[in-house]
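Here is the structure we will look at.
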Amino acid sequence: MYELLVVGGGPAGLSAALNARRRDKGVLLATKETISSKLRPAGRIENYPGLPGVSGPELAERFREHAAAVGVEIRQEEILSIQPGESGFFVIGKNEGYEAAAVILATGAPQKASIPGEARLAGRGVSYCATCDGMFFRDKDVMVISQLPAGEEEAAFLAGICRKVYYLPEYKGEYRLPPGVELVSGKVLRLEGDEQLERVVTSESEYRVAGVFLERAGLPPEQLCPGLAMADDAIQVDRRMATNIPG
Ligand SMILES: Cc1cc2nc3c(=O)[nH]c(=O)nc-3n(C[C@H](O)[C@H](O)[C@H](O)COP(=O)(O)OP(=O)(O)OC[C@H]3O[C@@H](n4cnc5c(N)ncnc54)[C@H](O)[C@@H]3O)c2cc1C
């Protein structure tokens, strides 16, 4: 069992993990992306003391090297669920399960359902995890809408299951997509369907799909850790910064 598991490898998570190591705690840091999708596009950072003009990716790399050098175990892993137990937490990742006495959530600003139709059709064709739900769409047409390069892996995985996979990236870069995945562009306007998702409407076209997979930087904390008290979209803490769940 780890003494501390930090979820999220952005500046907050790396800093928390580093400081826990200063207190000699055994720390696992699980992060979905090697470089935070917020830091990646930051060309020049002018307000970080001591490093004027540093780029986001360079700063992220320096944070990461520092944390690894003091003994933080860093794994590329998406955490799907955190369940409080008798003496700590059971943490379910996409690749593995973990136990930890304490957990720090440093998953960045929560991403809410933001596409018209998304909240209504969640679980009815709208999914957030290809590994979890991909098989429901065997031999069907699907679309992956992704804010992160990690979506390319989700699309490649789905290409082995689904009849057709459209890939709509919401980030710039080079896209590594296998044959069978069609790259499309445009701004997503809405998701349509009565009982089930039927189509995705973008600024450029309409796509008839049975499933849409949304790849975003993070799940809202209360979805990751059921029972976690929230206040105004933020984790509720007391004057000692403790949440309603001990640990
Ligand atoms: C273009 C741009 C420029 C910016 N420039 C500046 C600047 O000049 N100065 C400045 O102070 N700030 C700047 N910012 C803001 C800064 O990047 C953010 O404030 C900072 O990254 C927030 O850090 P964080 O650790 O809280 O969250 P994030 O950086 O969002 O990191 C959270 C990490 O957690 C991971 N994660 C989420 N959910 C899970 C999960 N379930 N399992 C595993 N991992 C998960 C995410 O993948 C992500 O890597 C900029 C942001 C952008 C987009």
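The values are calculated or read from the model by the stated rules, or taken from the named source; none is laboratory data. Keep in mind that this is a model prediction, so the values were computed, not measured. Cβ sites come from the backbone with ideal geometry, for glycine too, and all protein chains shown count toward neighbours. We work out accessible area using only protein heavy atoms, side chains counted, and drop any ligands, DNA or RNA first. Shrake-Rupley method; radii C 1.70, N 1.55, O 1.52, S 1.80 Å.
Examine the stretch 112-129 for a residue that is open to solvent by less than 20 Å² (accessible area, probe 1.4 Å), within 14 Å of the ligand (Cβ to nearest atom) and closer than 27 Å to THR202 by Cα, and state whether such a residue exists.
Scanning the stretch 112-129, I find at least one residue that is open to solvent by less than 20 Å² (accessible area, probe 1.4 Å), within 14 Å of the ligand (Cβ to nearest atom) and closer than 27 Å to THR202 by Cα, so the answer is yes.
Would you confirm whether any residue within the stretch 54-73 is more than 23 Å from ALA20 (Cα to Cα) and in a loop (DSSP other than H, G, I, E, B)?
yes
Take LEU4 and tell me if it is over 22 Å from ASN95 (Cβ atoms) and either part of a strand (DSSP E or B) or open to solvent by less than 70 Å² (accessible area, probe 1.4 Å) (or both). Break it down stepwise before answering.
Values: over 22 Å from ASN95 (Cβ atoms): no; either part of a strand (DSSP E or B) or open to solvent by less than 70 Å² (accessible area, probe 1.4 Å) (or both): yes.
Here the answer is no, as LEU4 does not meet what is asked.
So which residues in the stretch 79-108 are of a type outside the set (S, T, N, Q), under 22 Å from ALA150 (Cβ atoms) and free of Cβ contacts under 8 Å to residues at least 60 places away in the same chain, if there are any at all?
ILE92, LYS94, GLU96, GLY97, listed by residue number.
Any residue in the stretch 229-245 that's over 18 Å from GLN83 (Cα atoms): show its pairings with residues that are open to solvent by less than 60 Å² (accessible area, probe 1.4 Å) at Cβ separation under 6 Å, as long as the two are six or more apart or on different chains.
Going by the 6 Å Cβ cut-off, the qualifying pairs are VAL237/THR243.
Can you tell which of ALA122, ALA69 is free of Cβ contacts under 8 Å to residues at least 60 places away in the same chain, of a type in the set (Gly, Ala, Ser) and within 17 Å of ALA30 (Cα to Cα)? Step through it out loud before you land on a result.
Values: ALA122 fails: within 17 Å of ALA30 (Cα to Cα).
Just a single option satisfies the conditions, and that option is ALA69.
Out of ALA67, ALA60, which single residue is in the same structural domain as GLY97 (by TED's automatic domain parsing) and within 9 Å of the ligand (Cβ to nearest atom)? Full working, then the answer.
Values: ALA67 fails: within 9 Å of the ligand (Cβ to nearest atom).
Just a single option satisfies the conditions, and that option is ALA60.
Please go through the stretch 222-234 and give me each residue that is buried (at least 19 other Cβ atoms within 10 Å of the Cβ) and out of contact with any Gly (no Cβ under 9 Å at 6 or more places or on another chain), ordered by number. It would help to see each step written out before you state the result.
As a first pass, look at the stretch 222-234 and keep what is buried (at least 19 other Cβ atoms within 10 Å of the Cβ): 224-225.
If the condition is that a residue be buried (at least 19 other Cβ atoms within 10 Å of the Cβ) and out of contact with any Gly (no Cβ under 9 Å at 6 or more places or on another chain), then CYS225 is the only one that fits.
For the stretch 126-158, how many residues are over 17 Å from the mean Cα position of the chain (by Cα), part of a helix (DSSP H, G or I) and either more than 16 Å from GLU215 (Cα to Cα) or without any contact (Cβ under 8 Å) to a residue 12 or more places away in the chain (or both)?
Qualifying residue count for the region: 3.
Here is a check on your reading of the model: is VAL200 assigned to a strand (DSSP E or B) and at pLDDT 90 or above? If you could, list the steps in order and put the result at the bottom.
On the way: assigned to a strand (DSSP E or B): yes; at pLDDT 90 or above: yes.
Answer is yes for this residue.
Can you pull out the residues in the stretch 1-22 that are near the ligand (Cβ under 8 Å from one of its atoms) and of a type in the set (Val, Ile, Thr)?
Listed by number, the list holds a single entry, VAL7.
For the stretch 84-101, how many residues are more than 14 Å from the ligand (Cβ to nearest atom) and at pLDDT 95 or above?
Adding up the residues that qualify gives 3.
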